Amino acid sequence: MRDTAETVTSSLDVDGPLAPRQGFWQLLRQNRLAIIGLAIFVVFFCIALLGLGLTSGRNPTFDPAMVRLQEKLRPPFSGPNLETLRSEEVPRLGVYVFGTDDLGRDVFARMLQGAWVSLTVGFVAVGISVFIGIFMGGIAGYFGQNHTFIDTLIMRFVDIMLCFPSFFLILTVVALLPASMYNIMIVIGLTSWMGTTRFVRAEFLSLREQDFVTAARALGVSNFRIIFRHMIPNAMAPVLVSATIGIATAILTEAGLSFLGFGVPPPHATWGGILSDGKRFIFDAPWLTFAPGIAILIVVLAFNLFGEGLRDILNPKLRERY
Amino acid sequence: MVKNDHILLSVQDLKVYFHLNQRLARAVDGVSYEIRKGETVCLVGESGCGKTVSALSTLGLVPQPPGKIAGGQILFKGQNLLELGEEEMQKIRGNHIAMVFQEPMTSLNPVFTIGDQIQEAIMVHEKMGQSEMRERCLRLLEDVGIPSPRERLADYPHQLSGGQRQRVMIAMALACSPEVVIADEPTTALDVTIQAQILNLFGELQTRGGMSLLYITHDLGVVANIADRIYIMYAGIIAEQGSAPEIFHDPRHPYTQGLLASLPNRAKRGTRLHSIPGAVPDPAYKPGGCPFHPRCSFAVESCGSQFPEMCDYGEGHLSRCPVLYEMARQ
């Protein structure tokens, strides 16, 4: 791998302003699994955005709510029976790509709509949890030694939160709140920040004793700058890994909630909801379970792979391996 | 020789205590030293004698708690640094007094390129444009003798060797042309050839920039190379102070004499090395009176009860051993 290391450095020493991000992409390109993960994630992102555009509005291109009872449980790639359908009921692609469900709704259209739900739930929930996690963990870790009270308060609260089986906590909260996509995101976010808090606190506790933190202070760098410029980037590696895996978990949690009927209210399609509806027909119409199931699997796997790759790249000590 | 108006940094009767396991560890217990413009002062002592703590407190970097500055003054250009707030201290650090640490391996932030880190050292205290900053970084790296600095700017710390990293640390310390540089055993983690290079570098930079250097070490060989004046520390106090020739050729404290006698040299080849009996006292359990008396071959009864005063041998040569002083007078 010496050659690749050489090319990395030589492509970096261009004149002009420094471009540290350039090195990041160079390294990412060499990590095949991470690239696959990233590619799937980008495709998923595009599909979800596209799906939002194509399935919403008054007259959507793909209508996930269009009921065609005479066309129910059609297998994937089967063409519609044009004689029994009105022209606006014919699927836009000419075939039911993922078949139809028990109400004759186009599963492809429903999958598109569900992709957006999964994406936003994953990102918003993890965004909330990472934000809370870094904030709480950072405070506990940085001020913990001199103000033990703050540290104790935060960490015992974390312990208390971890005592609840979080899925049932979410179920309870969701049962009490009006059913909506945003409530679900917030609830998932508010019940999954504890791991990040512990990570960040542990990182900060060890980082604040590091020589480079003392060295930065000796150069006159302010506390604020030390926390945000020197410590958080060093603490980011485990946070990013746990965040990408957290996105996967959040998508799974949302799917699980929808599966149990506590998720995003119908008729809005979600992958978990499609799965739940399809389980009754698993032998007659397996595509109803396999389409969302495999989609969840691929997306979750992609996030996990990307998370792992990200960890390797963000840790300069592990870089030498590539 | 002593001209007070040239004193840049003066530490007076500094006391730094640590509360550890309900006991009070008096790490630095009344230390005074001063650094004049352009000179190299060496603070010499064994591990745990308070060298590093007294240097860290000059920059206000002693962790409090468990540390506590129990008394004394640190005057920098007549201003008491101990009275300054955190924000004012930040303006002093790096800008007027900079520090080079012992461990170049861990003193650089692993996630940033060295270019970024040197730039930060400048940016914290001075505002300038990107291209100007880059020029300054390159010049600093050239000054500290890093080959092809243009390429090295984009390197991460782990891509450099220990000696190169220490050079980068020195470049960062020099970024804002500080008046005083405190070097805390900067060559301990490096091998001997690199150590010689770094010492030469310090000497060069000093003649060029006219800065003062406070060099903390336990290595008397290094001290002999670079020191103008020397302070010998033992168990949180200054045992002896004086110019380099005075300390090396006319030591007036039993501890200094013991240290010098335990240096290996060619004349003593084949014989057993001299050693000072006993060990450095735990700062939490220091003996009363003179802290060195349990290990001292000159000790008399009063050494165990009376804290020794500084005895003046003239021309800034002071030693904290009244017994030897009496003997010298007779």
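The values are calculated or read from the model by the stated rules, or taken from the named source; none is laboratory data. Computed from a predicted model, the values in this text were never measured in an experiment. When we count neighbours, we look across all protein chains shown, and the Cβ atoms used for this are built from the backbone with ideal geometry, even at glycine. Accessible surface is based on the protein model in full, side chains and every heavy atom, while ligands, DNA and RNA are left aside. Shrake-Rupley method; radii C 1.70, N 1.55, O 1.52, S 1.80 Å.
For this structure, a couple of remarks:
- Positive-end residue of A:76, A:260, A:133, charge dipole of chain A with Cβ unit charges: A:133
- Per residue accessible area in Å² of the protein assembly as shown, where ligands, DNA and RNA are left out and the probe is 1.4 Å: 47
- Among the protein heavy atoms of the stretch B:163-219, carbon and sulfur supply 51% of the accessible surface, probe 1.4 Å, non-protein parts ignored.
- Cα gyration tensor, the stretch B:111-176 - rounded (a/c under 1.5), prolate or oblate: prolate
- Cleavage-rule hits, GluC sites (Glu not before Pro), the stretch A:28-124, DSSP coil, Cβ neighbours within 10 Å at most 12: A:83
- Legend: residue pairs B:37/B:68; B:77/B:127; B:15/B:91; B:91/B:127, Cα-Cα distance threshold 20 Å; pairs beyond threshold, B:37/B:68; B:77/B:127; B:15/B:91.
- The calculated Kirkwood hydrodynamic radius for the stretch B:74-201 is 15.2 Å, given to one decimal from all distinct C-alpha pairs.
- For the peptide A:176-183, the mean number of other protein chain Cβ atoms found within 10 angstrom of a residue's Cβ is 0.
- For the stretch A:30-104 versus the stretch A:245-313, the gap between their alpha-carbon centres in whole angstrom: 16
- With every protein chain in place, chain A: carbon and sulfur % of accessible area (1.4 Å): 67
- Under 23 Å from residue A:72, Cα to Cα: lysines that are on another chain or at least 8 residues apart: A:279
- Distant-in-sequence amide H partners of residue A:78 (H built 1.01 Å from N, under 5 Å): A:96, A:99
- DSSP bridge pairs, the protein assembly as shown: antiparallel proportion in percent, nearest 5: 65
- Folded to 0 to 90 degrees: helix A:2-12 orientation relative to chain A principal axis, Cα: 90
- Its alpha carbons considered, chain B gives a radius of gyration followed by a Dmax of 20.7, 68 Å.
- Its convex hull of Cα atoms gives the protein assembly as shown a direction-averaged projected area, equal to a quarter of the hull surface, of 38.6 nm².
- With 20 Å² as the minimum drop in accessible area between chain alone and full protein complex (1.4 Å probe), the qualifying residues in the stretch B:44-84 are B:61, B:65.
- Cα gyration tensor, chain A - rounded (a/c under 1.5), prolate or oblate: oblate
- Each peptide in B:241-248, A:112-119 receives the mean, over its residues, of other Cβ atoms within 10 Å, and ordering these scores from highest gives A:112-119, B:241-248.
- Our summary gives chain B a relative contact order of 20 percent, counting only alpha carbon pairs under 8 angstrom and 6 or more residues apart.
- Over the stretch B:111-176, Cα pairs under 8 Å with separation of 6+ residues give a relative contact order of 53 percent.
- Fluctuation leader among B:84, B:259, B:75 - chain B, Gaussian network, Cα springs under 10 angstrom: B:84
- Shielding by partners - mean other protein chain Cβ count within 10 Å, residues of B:105-115: 6
- Interface residues in the stretch A:185-229 - accessible area drops by 30 Å² or more relative to the isolated chain, probe 1.4 Å: A:211, A:212, A:214, A:215, A:217, A:218, A:219, A:220, A:221, A:225, A:229
- Label-to-label distance, nm, for residues given as residue A:86 and residue A:46 (7 Å Cα→Cβ offset): 3.5
- Between A and B, accessible area buried - total, square angstrom, nearest 100, 1.4 angstrom probe: 2900
- Loop-resident trypsin sites (Lys or Arg not before Pro) (DSSP state other than H, G, I, E or B) in the stretch B:227-273 with no more than 16 further Cβ atoms inside 10 Å of their Cβ: B:269, B:272.
- For chain A, the Cβ-based charge dipole about the Cα centre amounts to some 360 debye (Lys, Arg positive; Asp, Glu negative; other atoms uncharged).
- Cα gyration tensor shape of the stretch B:30-87, rounded if a/c is under 1.5, else prolate or oblate by comparing a/b with b/c: oblate
- Ordering B:105, B:63, B:18 by the projection of their Cα atoms onto the charge dipole of the stretch B:1-160, which places +1 on the Cβ of Lys and Arg and -1 on the Cβ of Asp and Glu, puts B:18 at the extreme positive end.
- In terms of Cα atoms, the Rg and Dmax of the stretch A:194-277 work out to 20.1, 63 Å.
- Max mean-square fluctuation residue, GNM over chain A, Cα-Cα springs under 10 Å, options A:186, A:150, A:160: A:160
- Theoretical FRET efficiency, 1/(1+(r/R0)^6), r = Cβ-Cβ of residue A:297 and residue B:142, R0 41 Å, to 0.05: 0.15
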